[in-house]
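So the structure is just underneath, and the comments pick up after that.
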Amino acid sequence: MEKAVVYARVSSEEQAKHGFSIDNQKRQCIEFAEKQGYSVAKVFVDEGKSAKNLERPEIQELMAYCSKKKNKITAVIIWRLDRISRNNEDYHGALRPLFEKMGIKLLSATEANVNTIEGDLMRNIGMSFAEYERKVIGVRTLAGLRQKAELGEYPHKAPIGYKNISREDGSKTIIIDDKQAFYIKQAFDLYDSGMHTLRSVTEELYKDGFRTNNGRKIPKASIEFILKNIFYTGVFEYEGRIYENAKHKAIISKELFYRVNDRLRDPKKTKKQTLDFAYTGLFKCGHCGCQLTAELKKGKYIYYHCTGNKGGDCKKDYINEAKVDSVISEILKLIVIPFDIREKIADSLKLVHAKKNGYSKEVKSSIQKQITLLENRIEKAFQDKLDNNITQELWQKYNSKWQTEKDKLHIQIEEINKLDKEFYSQADLLLGFTDNAYDYFLQGNIEQRRRILEIISEQITYKNKHFDIKLKPIFQTIVENQYNLAQKNANNRTSETGIKKGLETDSCPNNRKNSPGWTRTNSLPVNSRLLRH
């Protein structure tokens, strides 16, 4: 009997609102496993944990357990897809590649488990909605953080050199940590002197006693991060905006900060990329396994090469982005989604769209009611002030409080509207891909091209001028079928042309070089695992 593991998760909010009890999830998953002929080797439970990322103890244990061949796990069973993740990047970038590498099926006890094109694409839809729902839940927290920033309070944990404390009234603030602030100031002074590199600054600080909590050396990358953090000048950056009204005190002057950062922009080092590149992080070097990074040449040519983080001469192996586009577009010509599958996906999207609209309208309606209530309170209090029924002090106190709450609620509505827009963008991408993957890729923006590549591929490597794409099995099958069909048609046309011209040698179906209509598309060498170009 094949072995499976069960994963169950519930956050405290979901437990209270929806009753997704752990016991119910485990019971249904185990029953499903038995019906499908699996024996459950282990059950992993994350209780009170959000699925916004993989920083959950039990999901980490599950991944480690499944990675060991000796455990012989062939299936991971979940109650519903959003139990294991509510983050597209984690699902497509970490979980699914691990399961596919180990030959493990991800099975849902309450949803369809269809190993077809539409099944694969529907999981994309399901994961997108799960991420949407999770972001809507987090909107209230985000609004609070933004409001806090507007008031000059840093919305995160203070960086090293400062500490978060609670005042007597229970409110929190950030003060300077005198012991650590000494080292921060010293780091800036040492680097500003022009006599030290980042490495030597790191060594000097370690000698003077600047250590981690467990007594180890502070890494060079952390020292560089400190030197680039404008927080130490008495302001802070949040969501790309500098807040000058910060309430914490400065450790260094702005003049010193900008001098140091001018020095950090060493012309000998590769400049930090300010452009978005379509395929950064998607390709791996076939020599060492590092990610390929991108850089702009002569202001208009984009080249990808190995980061070289593991040493070696990999960085000399460059590939032009235009070449990458050409390879991918040639493959996409062979990915033709049947119309009946497109209809099934559209029908499923209608259901998800209705669910999304219902959820979104319910949340926004609730928020709007709260806004209306606050507006009525403000108007009533102002009328009382005009009639001398309340003091100026009380009016200012309540008006400030209610206006702040109202601003937070408006931020929440704005965020939900952004999420709605993102949902439609994802749906448009899926439909565009199923209608005509090739055209949609050529006309798509950077994000759309990245997503298409994530949909069709399992692994992409580049080595010695060879660009290898390992397609997902479903799309590999489609490409092979289209390839064989194109080859058959080309051979038929060659035979017909040869007969008409009375030729013998050149009409041979195997003589591809002389076959009329033979193009780069159908000359792609295809095997069961890789497309190499």
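Being surrounded by 15 or more Cβ atoms within 10 Å (Cβ to Cβ), more than 24 Å from the chain's Cα centre (by Cα) and not polar (S, T, N, Q) is the requirement here; does Ile337 meet it?
Working: surrounded by 15 or more Cβ atoms within 10 Å (Cβ to Cβ): yes; more than 24 Å from the chain's Cα centre (by Cα): yes; not polar (S, T, N, Q): yes.
Yes.
Restricting to the range 28-46, and then to whatever is out of contact with any helix residue (DSSP H, G or I) (no Cβ under 9 Å at 6 or more places or on another chain) and not in a helix (DSSP H, G or I), can you tell me which residue is most open to solvent (accessible area, probe 1.4 Å)?
Going through the qualifying residues, I end up with Gln36.
Could you please find all residues in the range 86-115 being of a type outside the set (Gly, Ala, Ser) and under 21 Å from Val40 (Cβ atoms)? Give the steps one after another, and end with the answer.
First, pick out the residues of the range 86-115 that are of a type outside the set (Gly, Ala, Ser): 86-92, 95-102, 104-107, 110-111, 113-115.
Result: Leu95, Leu98, Phe99, Met102, Ile104, Lys105, Leu106, Leu107, Thr110, Glu111, Asn113.
Residue-by-condition table, conditions (1) buried (at least 17 other Cβ atoms within 10 Å of the Cβ); (2) at negative phi; (3) touching a residue at least 24 places away in the same chain (Cβ under 8 Å):
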position: Arg377; (1), (2), (3): no, yes, yes
position: Gln383; (1), (2), (3): no, yes, no
position: Asn389; (1), (2), (3): no, yes, no
position: Glu393; (1), (2), (3): no, yes, no
position: Asn399; (1), (2), (3): no, yes, no
position: Lys408; (1), (2), (3): yes, yes, yes
position: Ile416; (1), (2), (3): yes, yes, yes
position: Lys421; (1), (2), (3): no, yes, no
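Of these, Glu321, Glu343, which one is charged (D, E, K, R) and surrounded by fewer than 16 Cβ atoms within 10 Å (Cβ to Cβ)? Spell out how you get there, then give the answer.
Values: Glu321 fails: surrounded by fewer than 16 Cβ atoms within 10 Å (Cβ to Cβ).
After applying the criteria, what remains is Glu343.
Are there any pairs, at least 6 apart or on different chains, whose C-beta atoms fall under 6 Å, with the first in the range 22-51 and closer than 19 Å to Asn87 by Cα and of a type in the set (Val, Ile, Thr) and the second open to solvent by 50 Å² or more (accessible area, probe 1.4 Å) and assigned to a helix (DSSP H, G or I), and if so, which?
Pairs that qualify, where the first residue is closer than 19 Å to Asn87 by Cα and of a type in the set (Val, Ile, Thr) and the partner is open to solvent by 50 Å² or more (accessible area, probe 1.4 Å) and assigned to a helix (DSSP H, G or I), are Val45/Glu58.
For the list (1) surrounded by 14 or more Cβ atoms within 10 Å (Cβ to Cβ); (2) part of a strand (DSSP E or B), I need the number of the one condition that Ile242 fails.
The single condition Ile242 does not satisfy is (1).
Scan the range 321-339 for residues that are hydroxyl-bearing (Ser, Thr, Tyr) and part of a loop (DSSP other than H, G, I, E, B) and jot them down.
Kept after step one, since they are hydroxyl-bearing (Ser, Thr, Tyr), are these residues of the range 321-339: 326, 329.
Answer for the range 321-339, where residues must be hydroxyl-bearing (Ser, Thr, Tyr) and part of a loop (DSSP other than H, G, I, E, B): there is none.
Applying the selection to the range 66-111, what residues are among the aromatic types (Phe, Trp, Tyr) and assigned to a loop (DSSP other than H, G, I, E, B)?
Looking only at the range 66-111, we keep the residues that are among the aromatic types (Phe, Trp, Tyr), and these are 79, 91, 99.
Passing the criteria: only Trp79.
Please work out which residue is most open to solvent (accessible area, probe 1.4 Å), limiting yourself to the range 222-239 and to residues that are touching a residue at least 24 places away in the same chain (Cβ under 8 Å) and closer than 16 Å to Arg146 by Cβ.
Of everything passing the filter in the range 222-239, Glu239 is most open to solvent (accessible area, probe 1.4 Å).
Ser365 passes all but one of (1) buried (at least 16 other Cβ atoms within 10 Å of the Cβ); (2) of a type in the set (Ser, Thr, Tyr); (3) more than 30 Å from Thr477 (Cβ to Cβ); which number fails?
The single condition Ser365 does not satisfy is (1).
Taking the condition of being free of Cβ contacts under 8 Å to residues at least 60 places away in the same chain and either surrounded by 15 or more Cβ atoms within 10 Å (Cβ to Cβ) or closer than 22 Å to Lys254 by Cβ (or both), how many residues in the range 176-188 meet it? Lay out the reasoning, then the answer.
The initial filter retains those residues of the range 176-188 that are free of Cβ contacts under 8 Å to residues at least 60 places away in the same chain, namely 177-180, 182-183, 186-187.
Then keep just the ones that are either surrounded by 15 or more Cβ atoms within 10 Å (Cβ to Cβ) or closer than 22 Å to Lys254 by Cβ (or both); that gives 177-178, 180, 182-183, 186-187.
Of the residues in the range 176-188, 7 are free of Cβ contacts under 8 Å to residues at least 60 places away in the same chain and either surrounded by 15 or more Cβ atoms within 10 Å (Cβ to Cβ) or closer than 22 Å to Lys254 by Cβ (or both).
Which residues, taken from the range 448-470, are under 20 Å from Gly289 (Cβ atoms) and either open to solvent by less than 20 Å² (accessible area, probe 1.4 Å) or under 23 Å from the mean Cα position of the chain (by Cα) (or both)?
As a first pass, look at the range 448-470 and keep what is under 20 Å from Gly289 (Cβ atoms): 453-454, 457-470.
Scanning the range 448-470 gives Leu453, Glu454, Ser457, Glu458, Gln459, Ile460, Thr461, Tyr462, Phe467, Asp468, Ile469, Lys470.
Out of curiosity, is Lys148 modelled with pLDDT under 90 and charged (D, E, K, R)? Don't jump to the end; show me each part of the working.
On the way: modelled with pLDDT under 90: yes; charged (D, E, K, R): yes.
Here the answer is yes, as Lys148 does meet what is asked.
Would you check which residues across the range 47-65 are at pLDDT 85 or above, open to solvent by 40 Å² or more (accessible area, probe 1.4 Å) and not in a strand (DSSP E or B) and list them? Steps first, please.
Step one: of the range 47-65, the residues at pLDDT 85 or above are 47, 56-65.
Filter again for open to solvent by 40 Å² or more (accessible area, probe 1.4 Å), leaving 47, 57-58, 60-61, 64-65.
Passing the criteria: Pro57, Glu58, Gln60, Glu61, Ala64, Tyr65.
Quick test for you: out of Thr173, Thr197, pick the one residue that is in contact (Cβ under 8 Å) with a residue 40 or more places away in the chain, open to solvent by 20 Å² or more (accessible area, probe 1.4 Å) and out of contact with any Leu (no Cβ under 9 Å at 6 or more places or on another chain).
Values: Thr197 fails: in contact (Cβ under 8 Å) with a residue 40 or more places away in the chain.
Just a single option satisfies the conditions, and that option is Thr173.
Considering the range 286-307 alone, what residues qualify as being over 25 Å from Gln448 (Cβ atoms), touching a helix residue (DSSP H, G or I) at 6+ places or on another chain (Cβ under 6 Å) and buried (at least 17 other Cβ atoms within 10 Å of the Cβ)?
His287, Cys306
The values are calculated or read from the model by the stated rules, or taken from the named source; none is laboratory data. Please read these numbers as outputs of a predicted model, since none were measured by experiment. Note that each Cβ is placed from the backbone with ideal geometry, even for glycine, and that neighbours are counted across all protein chains shown. Side chains are part of the model used for accessible areas, which takes the heavy atoms of the whole protein and leaves out ligands, DNA and RNA. Shrake-Rupley method; radii C 1.70, N 1.55, O 1.52, S 1.80 Å.
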